[in-house]
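The block underneath contains the structure these notes are about, expressed in structure tokens.
The values are calculated or read from the model by the stated rules, or taken from the named source; none is laboratory data. Keep in mind that this is a model prediction, so the values were computed, not measured. Note: ideal-geometry Cβ built from the backbone for every residue, glycine included; neighbour counts use all protein chains shown. What goes into the accessible areas is simple: the full protein's heavy atoms, side chains included, and nothing from ligands, DNA or RNA. Shrake-Rupley method; radii C 1.70, N 1.55, O 1.52, S 1.80 Å.
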Amino acid sequence: MARALARIDLGAVERNCARLAAELAGRSELCAVVKADGYGHGAEACAEAALAGGATKLAVATGAEAALIGRCFPQVPLLTMGALTPEDLEDALAAGSEVSVWRDGFRDLLSARGRAQGRPVRVHVKYDTGMGRLGNPDPDQVLALARACAEDPRLDLAGVWTHFATSDELDSDFFEVQLERFTTLAAAVKSEFPDVLAHAANSAAVFRDRRSHFDMARCGIAVYGLDPFQGDPAERGLEPALSLRSYVADVKRFGAGDSAGYGRTWRAPAETWVGVLPLGYGDGVRRGLSNHAEVLIRGRRHPLVGTVSMDNVTVDLGPETEIEPGDEAVLIGEQGGQSIRAEELARRLGTINYEVTCGISARVPREKA
Ligand SMILES: *Cc1c(COP(=O)(O)O)cnc(C)c1O
């Protein structure tokens, strides 16, 4: 029995990576993205499983994440993808990470750091092909920046890269626009610097278009067995690695009209049994699921009723039940052949599976299985 527990199936992470590596065109390598504590799954353990499954590189977003992952896997190439303050940069470089650059001022800072550490900083020049976020949107400037990095003895030009805005929207043409822009730029850079790694694809792009694979794919969501298109992960051969479990702490008889939780948002329409699970939005079970989710107990779905509290939720068990205090409850995952996917909760919440698993709070222990 556990109050709230995220169980992580590391075998599933490993198999998902083997599946992704097999999907990649030619020599394209799999870079497992383990930012945000491995999308809430535990970065360190998932990185290890990903490497066992065929990932050859790792990526994170922040300097602090680089510090953790670089320490654990000093032999594995690591890319810190995000914008870095000078302090963040120190953390990333101390961890041996490669970093992203798209502005001259930051290139100067990297060059100075390369001089100070007596070893070139490995950089990936970022081209903003249309995401409108990090990166330089002018291809001529990107090429000039790549040349400047390559010519600077304190820098190593390791990569040129971009990020797609709509790879998960199969009816959007903008993916093609970005792909074409990047293909042109990558060819120009590689004609001068053939060893530079070109990379663009995230998980959705890997499944969508082999032309996006280039030399490396940066996969996050699919590594964890979640569907990049918000559908059924099994249809793409992916296995969800995370389940979120609790237990029935109490079972009580409700008469017609009795209410559960803050604000009395649910009242029993007739006599019924109500189960209380001791987890809530303090654990990342979002309040938006109030009266709008289901929970598996004894292999059957039961409606979550009433308002989600910080530390408790209530479940309608029906007028007759064999459910007893101590029974396991599953909010995400499988039980008795039934399953509730992160994609289902995302749909109910009007969000994406990414946010569901990232939102499982630090209060919930991660158990590796
Ligand atoms: C998070 C991230 C990825 C991974 O994307 P998924 O959709 O989870 O595969 C790749 N590239 C960048 C720049 C990212 O920020």
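Please work out if Arg154 is touching a helix residue (DSSP H, G or I) at 6+ places or on another chain (Cβ under 6 Å), closer than 25 Å to Gly114 by Cβ and open to solvent by 30 Å² or more (accessible area, probe 1.4 Å).
Values: touching a helix residue (DSSP H, G or I) at 6+ places or on another chain (Cβ under 6 Å): yes; closer than 25 Å to Gly114 by Cβ: yes; open to solvent by 30 Å² or more (accessible area, probe 1.4 Å): yes.
For Arg154, the condition - touching a helix residue (DSSP H, G or I) at 6+ places or on another chain (Cβ under 6 Å), closer than 25 Å to Gly114 by Cβ and open to solvent by 30 Å² or more (accessible area, probe 1.4 Å) - is met.
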* Is it true that Val248 is more than 14 Å from the ligand (Cβ to nearest atom), of a type in the set (A, V, I, L, M) and either open to solvent by 20 Å² or more (accessible area, probe 1.4 Å) or not assigned by TED's automatic domain parsing to the domain that holds Leu179 (or both)? -> yes
Given (1) of a type outside the set (D, E, K, R); (2) open to solvent by 50 Å² or more (accessible area, probe 1.4 Å); (3) within 16 Å of the ligand (Cβ to nearest atom), His199 misses just (2)
### Task
Test Ser309 against the stated conditions and say whether it is under 17 Å from the mean Cα position of the chain (by Cα) and open to solvent by 10 Å² or more (accessible area, probe 1.4 Å).
no
Restricting attention to segment 312-368, the residues that are open to solvent by 30 Å² or more (accessible area, probe 1.4 Å) and aliphatic (A, V, I, L, M) number exactly 3
Counting only strands (runs of 3 or more DSSP E) wholly inside segment 282-369, the ones holding at least 1 residues that are free of Cβ contacts under 8 Å to residues at least 60 places away in the same chain and under 21 Å from Ala2 (Cβ atoms) are 294-297, 300-305, 313-318, 328-335, 338-340
Picking from Phe229, Phe214, the residue that is within 20 Å of the chain's Cα centre (by Cα) and within 16 Å of the ligand (Cβ to nearest atom) would be Phe229
Val295 passes all but one of the listed conditions (1) β-branched (Val, Ile, Thr); (2) in contact with an Asp or Glu (Cβ under 8 Å, 6 or more places away or on another chain); (3) buried (at least 22 other Cβ atoms within 10 Å of the Cβ); the exception is number (2)
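Mind checking whether some residue in segment 140-147 is assigned by TED's automatic domain parsing to the domain that holds Cys219 and within 19 Å of Ala25 (Cβ to Cβ)?
Here is the first cut: in segment 140-147, the ones assigned by TED's automatic domain parsing to the domain that holds Cys219 are 140-147.
Checking which are within 19 Å of Ala25 (Cβ to Cβ) leaves us with none.
Within segment 140-147, not a single residue is assigned by TED's automatic domain parsing to the domain that holds Cys219 and within 19 Å of Ala25 (Cβ to Cβ).
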Subset of segment 126-148, residues part of a helix (DSSP H, G or I) and charged (D, E, K, R), comes to Asp140, Arg147
When segment 190-220 is checked residue by residue, the ones that are in a helix (DSSP H, G or I) and not aliphatic (A, V, I, L, M) are Lys190, Ser191, Glu192, Ser203, Phe207, Arg208, Arg210, Arg211, Ser212
Result of the Cβ filter at 8 Å on segment 221-234, keeping first residues that are part of a helix (DSSP H, G or I) and partners that are open to solvent by less than 10 Å² (accessible area, probe 1.4 Å) and among the hydroxyl-bearing types (Ser, Thr, Tyr), at least 6 apart or interchain, is Ile221/Ser203; Ala222/Ser203; Val223/Ser203; Tyr224/Thr357
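Which members of segment 304-326 meet the condition of being of a type in the set (D, E, K, R) and within 16 Å of Pro278 (Cα to Cα)? I'd like the intermediate steps shown before the answer.
Start the filter on segment 304-326 by keeping residues that are of a type in the set (D, E, K, R), which leaves 311, 316, 320, 322, 324.
Answer for segment 304-326, where residues must be of a type in the set (D, E, K, R) and within 16 Å of Pro278 (Cα to Cα): Asp311, Asp316, Glu324.
Filtering segment 117-147 down to residues that are small (Gly, Ala, Ser) and within 16 Å of the ligand (Cβ to nearest atom), which residue is least open to solvent (accessible area, probe 1.4 Å)? Give the steps one after another, and end with the answer.
We begin by selecting, within segment 117-147, every residue small (Gly, Ala, Ser); these are 118, 130, 132, 135, 144, 146.
Then keep just the ones that are within 16 Å of the ligand (Cβ to nearest atom); that gives 130, 132, 135.
Values: Gly130: 29, Gly132: 64, Gly135: 12 Å².
Residue satisfying both the conditions and the ranking: Gly135.
Restricting the search to segment 159-189, which residues are in contact with a Ser or Thr (Cβ under 7 Å, 6 or more places away or on another chain), within 14 Å of the ligand (Cβ to nearest atom) and not in a helix (DSSP H, G or I)?
Of all residues in segment 159-189, those in contact with a Ser or Thr (Cβ under 7 Å, 6 or more places away or on another chain) come to 162, 166, 172, 174-175, 178-179, 181-182.
Within this subset, residues satisfying the condition of being within 14 Å of the ligand (Cβ to nearest atom) are 162, 166, 175, 178, 182.
Correct list: Thr162, Thr166.
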Look at Thr56 and say whether it is touching a residue at least 12 places away in the same chain (Cβ under 8 Å), closer than 27 Å to Asp9 by Cβ and among the polar types (S, T, N, Q). yes
For segment 22-51, pairs from a residue that is touching a residue at least 12 places away in the same chain (Cβ under 8 Å) to a residue that is within 12 Å of the ligand (Cβ to nearest atom) and open to solvent by 50 Å² or more (accessible area, probe 1.4 Å), with Cβ under 7 Å and 6 or more apart or across chains, are Ala36/Cys358; Tyr39/Tyr354; Tyr39/Cys358; Gly40/Cys358
The number of residues in segment 202-222 that are farther than 19 Å from Ala50 by Cα, surrounded by 23 or more Cβ atoms within 10 Å (Cβ to Cβ) and not hydrophobic (A, V, I, L, M, F, W, C) is 1
Contact list, first residue from segment 76-99 and closer than 16 Å to Gly159 by Cα, second anywhere and away from the ligand (no atom under 16 Å from the Cβ) and not in a helix (DSSP H, G or I), beta-carbon distance below 6 Å, six or more apart or interchain, is Glu98/Arg122
